[in-house]
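The structure under discussion appears below in the form of structure tokens.
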Amino acid sequence: MALNAKQKAKATKDVVRHEKDTGSPEYQIALFTEKIKKLTLHLKKNAKDFHSRRGLLKMVSKRKKLMDYLKKTNEKAYKTVVKKLDLNG
């Protein structure tokens, strides 16, 4: 269920800081958001896939931690990410 290069580029094009950005919290949050959407669709079709459900919960938790960190360190960037990715934050 990994994202290919085109999917990653599409998911992160609004939040990257520079062309080689892969480590910024904004980039990571955008990737986790895309993976969460993809995995949610999978779990709607496969309700008994409990291993993937656990992975989904771990991703949601990690995204939440990154968002808390971003809010604490750079609130302007946090608000931008929430707005561009349409997250409730």
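Descriptive notes on the structure:
- Using C-alpha pairs under 8 Å with a sequence gap of at least 6, the mean separation divided by the residue count of the chain gives a relative contact order of 29 percent.
- For the residue pairs Lys10/Lys83; Lys38/Lys58; Lys10/Lys62; Lys10/Lys64; Lys38/Lys72, the C-alpha atoms sit more than 18 angstrom apart in Lys10/Lys62; Lys10/Lys64; Lys38/Lys72.
- Principal-axis tilt of helix 75-85 within the chain, Cα atoms, nearest 10 degrees: 40 degrees
- Sites matching GluC sites (Glu not before Pro) across the chain that sit in DSSP coil, with at most 16 neighbouring C-beta atoms within 10 Å: Glu19
- Extension gain (nm, one decimal) between Asp49 and Lys37, 0.36 nm per residue minus Cα-Cα: 2.7 nm
- In region 40-89, the chymotrypsin sites (Phe, Trp or Tyr not before Pro) that fall in loop regions by DSSP, at most 16 other Cβ within 10 Å: none
- Using only the C-alpha atoms, the convex hull of the chain corresponds to 95 Å³ per residue.
- Where trypsin sites (Lys or Arg not before Pro) fall in DSSP loop in the chain, at most 10 other Cβ within 10 Å: Lys13, Lys20, Lys48
Read-outs throughout are calculated quantities, based only on the coordinates presented, and are distinct from any laboratory measurement. If you're wondering where the values come from, they're calculated on a predicted model, not measured in any experiment. Ideal geometry is used to build each Cβ from the backbone, glycine not excepted, and the neighbour counts take in all protein chains shown.
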